[in-house]
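First comes the structure, then the notes that go with it.
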Amino acid sequence: MEENKAENIIHIEQGFGWFLGRFEDNKVHQHYAVQLCIPLGGAIKLSPDGGELVTTKPVLIQPNVEHKLTSTENNLLVLFNPLSPQGHFWNRLPTKPITELDIPAVKEIKQAANSFLFTKEDKDKELLNQTFRKYDCYCGEFVHAGDERIEKALAYLHRHADRVVPLGEVAGHCSLSPSRFQHVFKETTGQSFRRAQLWTKMSHALPHLGKQSLTSLAHQFGFADSAHFSRTFRENFGFSPRDLLKNSQFIQV
């Protein structure tokens with residue numbers, strides 16, 4: 001493995017993605033994902049709407065909660081798709097919008113993250129990813145073992161992440177009227193169809209950052225233009241694409 005010259009490291013795969021590094025210029029944002037933040041050095045400062053939390057403990061943030069995160073020390077930040085088995089495992093844990101956690105799963109992840117941070121070796125990167133995959137809800141209560149029509153809709157969104165899929169089109173694909181589809185989708189997943197589609201497109205686009213222009217990337221994944229892509233990116237992550245790439249590199253399996 002070549003020496004990593006970038007300070008921050010990003011990995012994305014289906015179901016989750018993680019960021020290992022420092023957050024110093026994060027802006028207030030909210031997103032569709034379940035967010036786990038594990039401090040690996042000093043304290044982190046979370047600034048949700050109406051308050052501020054400074055902690056050295058791991059924190060779990062529910063979807064659609066406004067917040068910003070700042071820290072001058074290394075942190076592991078993980079975003080889980082709430083419709084994935086891993087996302088369901090974590091999304092069932094919070095007792096409030098932002099919850100401090102002290103459970104064995106978090107301790108195991110923190111140990112694996114520190115090992116990778118120290119070595120930057122492929123075997124330790126894969127151990128970290130295996131640890132994330134390990135914590136699966138193994139239940140029949142959510143979309144991955146629930147309504148087959150919604151499973152079908154999500155698979156359709158993934159296959160067509162390069163464009164905006166109209167509501168009527170995906171509803172027809174699932175043999176439902178648009179209004180019934182929206183109701184079933186929200187009831188089954190807890191999320192709106194629009195938010196799910198936007199996150200699917202963004203997660204597909206993320207690994208391509210830095211490899212092609214923002215204009216090309218926007219058109220490839222169904223955004224109107226680079227300004228639309230950048231605005232959506234900033235609203236979801238609290239950074240512009242260029243700010244994120246300044247000191248970061250993507251690594252994949």
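Numbers at a glance
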read-out	value
Scope region 207-219; condition in contact with a strand residue (DSSP E or B) (Cβ under 8 Å, 6 or more places away or on another chain) and either of a type in the set (Val, Ile, Thr) or closer than 19 Å to Val165 by Cβ (or both); matching residues	Leu217
Hey, Asn64 part of a loop (DSSP other than H, G, I, E, B), within 20 Å of the chain's Cα centre (by Cα) and of a type in the set (S, T, N, Q) or not	yes
Near pairs, Cβ below 8 angstrom, 6+ apart or cross-chain, from region 230-253 (under 20 Å from Val34 (Cβ atoms)) to any residue that is open to solvent by 70 Å² or more (accessible area, probe 1.4 Å) and assigned to a helix (DSSP H, G or I)	none
Enumeration of residues in region 85-96 that are touching a strand residue (DSSP E or B) at 6+ places or on another chain (Cβ under 7 Å) and either buried (at least 21 other Cβ atoms within 10 Å of the Cβ) or farther than 12 Å from Leu36 by Cα (or both)	Gln86, Gly87, Trp90, Asn91
Every residue from region 30-52 that is over 21 Å from Thr189 (Cβ atoms) and in contact (Cβ under 8 Å) with a residue 40 or more places away in the chain	Cys37, Ile38, Leu40, Leu46, Pro48
His158 vs. criteria more than 19 Å from Phe250 (Cα to Cα) and crowded, with 16+ Cβ neighbours inside 10 Å	no
Meets criteria (modelled with pLDDT of 90 or more, touching a strand residue (DSSP E or B) at 6+ places or on another chain (Cβ under 7 Å), open to solvent by less than 30 Å² (accessible area, probe 1.4 Å) and among the aliphatic types (A, V, I, L, M)) for Leu46	no
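The values are calculated or read from the model by the stated rules, or taken from the named source; none is laboratory data. Fair warning: this is a prediction, and the values are worked out from it, not measured in the lab. Note that each Cβ is placed from the backbone with ideal geometry, even for glycine, and that neighbours are counted across all protein chains shown. Each accessible area value is taken on the protein alone, full model and side chains, heavy atoms only, with ligands, DNA and RNA left out. Shrake-Rupley method; radii C 1.70, N 1.55, O 1.52, S 1.80 Å.
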